[in-house]
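K.L.:
Starting off with a structure, shown below.
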Amino acid sequence: MSYPVRRAFTMIELLIVVMMLGILSAVAYPRLTDSIAGHAVQAASTVAAADVEAAFSMAARTRRPLVYSCSAVLRSCRATDQATGILRSERLFDRTSGYEVASLAWNPVNTGQPVVIGAAGIATQGFSITLSHGRSTKRVVVLRSGLTLIN
């Protein structure tokens, strides 16, 4: 007895494959989005730390004090010249910047006082910037000396 040669898949075989792909994608999608959010927060915190270090360096190099501040509403951090008010640097953490985060929290040690980075490269107080997106959160801790740590 000879069997006919099959040249195609049956409809049942195709449905099983499609169902397996659907289950795999349903399981993998949440992990993929968490991973993407984690990488975005890591990149944003690295850039925030580099910007803070650049502000300390700029204050020491130009011998002019800078006021460093962040806005949770605008999701931005900026360094302005204390004497003239000229904006020296600004970083946005939104979709247009490529470093999108869902929330930004600015926590100076003394909340009522601005953070001034003196001409010697020493700040009036330490502060932290907390960036989060989804379940991923990174905190950039800045000491008075300008040392930045990412937790």
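K.L.:
Which of the following residues is of a type outside the set (Asp, Glu), touching a His at 6+ places or on another chain (Cβ under 6 Å), crowded, with 16+ Cβ neighbours inside 10 Å and part of a helix (DSSP H, G or I): ALA37, ALA48?
P.N.:
ALA37
K.L.:
Still on this structure: Scan the range 101-117 and report the pairs whose first residue is part of a strand (DSSP E or B) and whose second residue is modelled with pLDDT of 95 or more and of a type in the set (D, E, K, R), with Cβ atoms within less than 9 Å and a gap of 6+ or a chain change.
P.N.:
Qualifying pairs under 9 Å: ALA105/ARG139; ASN107/ARG139.
K.L.:
Considering only residues that are small (Gly, Ala, Ser) and at pLDDT 90 or above, look in the range 97-120 and name the one that is surrounded by the most Cβ atoms within 10 Å (Cβ to Cβ).
P.N.:
Per the criteria, the residue is GLY118.
K.L.:
Then there's this: Is it true that some residue in the range 66-87 is of a type in the set (D, E, K, R) and surrounded by fewer than 16 Cβ atoms within 10 Å (Cβ to Cβ)?
P.N.:
Within the range 66-87 (the criterion being of a type in the set (D, E, K, R) and surrounded by fewer than 16 Cβ atoms within 10 Å (Cβ to Cβ)), the answer is no, since none of the residues qualifies.
K.L.:
Given the conditions (1) modelled with pLDDT under 95; (2) under 20 Å from LEU149 (Cα atoms), which single one is not true for GLU53?
P.N.:
Just one mismatch for GLU53, condition (1).
The values are calculated or read from the model by the stated rules, or taken from the named source; none is laboratory data. Everything quoted here is computed from the prediction, not taken from an experiment. Note: ideal-geometry Cβ built from the backbone for every residue, glycine included; neighbour counts use all protein chains shown.
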